[in-house]
Amino acid sequence: MKVSVVKADNYNIEIVDKAVNDAVNLIGGWQNFIKKGDKVLIKPNMLTNVTPEKAVTTHPEVVRAVIKAVKNMGALPAVGDSPGISNLKSTAKRTGILTICEEENVPFVYFKQSKAYNYMEGRFIKQFELVDCLSDFDKIISVAKMKTHVFMGVTGAVKNLFGCIVGTDKARFHLRMQKHIDFAHVMVDLYQTIKPTLNIIDGITAMEGQGPMSGDVVEAKIIIASSDGFAADLIMADKMGFDAEAMPIAAAGIEEKKNCSFKRYKSCW
């Protein structure tokens, strides 16, 4: 599975635009992922109500670059997320993502209502309650932030999809799955339920230490892209200096892939 890593020194609009497009071109180009007329949900990390300089959330210029690329393919982009610990509208505004949507004339989707989505092959969860509009889109792009995570070690493309669980509903998974590996397996099931078409990680600035909210900002100066969120996260963790395969989500994903039966082969990444 191809993973690209492209240098980007800062969030200048031209630098980000080039880095995002170069990263996607290195794994086959936008035409391999997005078709004319596709309805595309761009899912950033909007964890909480902070400014982009804190490196807690996906930088709005990375979101803008993805929006523009999707438009250039003749597709119809929208942006959406659901922070677990702050007001959705104020978070969208303060992170700069709502402003980018307004400037680019694309809808921001407020994740408010849920419905059931089945994944019968799931190891821990066979049915998720996810944002109801998810099924309205043809393609999903995870646009994550490169960060440490006190519970999962790191958080990137796969964990970013946790935002598709609406608001405080996220808390019940943390309460039920208090072991690192159990929660990691839930993230594997969630990823396989949603199956994003493309994964992009904003690592121009990143976070180390007490992530995902209270760590220190570091300049990693990279954009990562892959069709495989697990592969993107492995490279991300390696670039952060971790034993990548020992991170809980990676370990759960590797275990699941090894245990993937012939019957389920086509649904395994």
Exercise for review: With springs connecting C-alpha atoms under 10 Å apart, model the chain as a Gaussian network and identify which of D243, D38, D189 has the largest mean-square fluctuation.
Suggested key: D243
Review point. When Cα extents along the principal axes in Å is calculated directly from the model, which label among (i) 113, 40, 26; (ii) 67, 45, 35; (iii) 44, 39, 38 fits?
Key: (iii)
Check your understanding: K36: which aspartates and glutamates have alpha carbons under 12 Å from its alpha carbon, excluding same-chain residues fewer than 8 sequence positions away?
Key -> D138
Check your understanding: Which percent of the accessible heavy-atom area of the stretch 17-173 goes to carbon and sulfur, probe 1.4 angstrom?
Key -> 49
Check your understanding: Measuring from label point to label point, each 7 Å out along Cα→Cβ, what is the D22 to I254 span in nm?
Key -> 3.0
Check your understanding: Looking at the stretch 29-95, what % of the alpha carbon pairs are farther apart than 15 Å?
Key -> 53
Practice item. With θ set to phi - 60°, apply the Karplus curve 6.51 cos²θ - 1.76 cosθ + 1.60 along the stretch 212-221 and write out the HN-Hα couplings as whole Hz, x wherever there is a Gly or Pro. Key: x, 10, 10, x, 9, 7, 10, 9, 7, 6
Check your understanding: How would M213, M120, M236 line up by accessible area, probe 1.4 Å, largest first?
Key -> M120, M213, M236
Check your understanding: Looking only at N21, N160, N118, which one moves most when the chain is put into a Gaussian network model with springs between Cα atoms under 10 Å?
Key -> N118
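Excluding V143 itself, calculate the net charge of residues whose Cβ lies under 9 Å from the Cβ of V143, where each Lys or Arg counts +1 and each Asp or Glu counts -1.
With Lys, Arg at +1 and Asp, Glu at -1, the neighbours total +1.
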Review point. Among K126/K170; K7/K258; K43/K258; K2/K179; K7/K147; K39/K179, which pairs are too far apart, with a Cα-Cα distance over 26 Å?
Key: K7/K258; K43/K258; K2/K179; K39/K179
Exercise for review: Quick one: among G28, G163, G84, which has the greatest mean-square fluctuation in a GNM of the chain with alpha-carbon springs under 10 angstrom?
Suggested key: G28
Practice item. Please check which bits of the stretch 181-199 a label hung off E121 would reach, taking the label as a point 7 Å along Cα-to-C-beta and the cut-off as backbone N under 14 Å. Key: 188-196
Practice item. Please go through the stretch 145-241 and write out the trypsin sites (Lys or Arg not before Pro) that DSSP classes as loop and that have at most 16 other C-beta atoms within 10 Å. Key: K179, K221
Review point. Label-point separation (nm) for I85 and Y110, each offset 7 Å from Cα along Cα-to-Cβ?
Key: 2.3
Review point. With labels modelled as points extended 7 Å from the Cα through the Cβ direction, what inter-label distance (nm, one decimal) is found for V217 paired with M1?
Key: 3.1
Check your understanding: Any idea which of N49, V106, S214 is furthest toward the positive side of the dipole for the chain, if Lys and Arg beta-carbons carry +1 and Asp and Glu beta-carbons -1?
Key -> V106
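The values are calculated or read from the model by the stated rules, or taken from the named source; none is laboratory data. Since the structure is predicted, the reported quantities are computational estimates derived from the model, not experimental observations. Using ideal geometry, Cβ is built from the backbone for each residue, glycine included, and neighbour counts are taken over all protein chains shown. Just the protein is used for accessible areas: all its heavy atoms, side chains included, with ligands, DNA and RNA removed. Shrake-Rupley method; radii C 1.70, N 1.55, O 1.52, S 1.80 Å.
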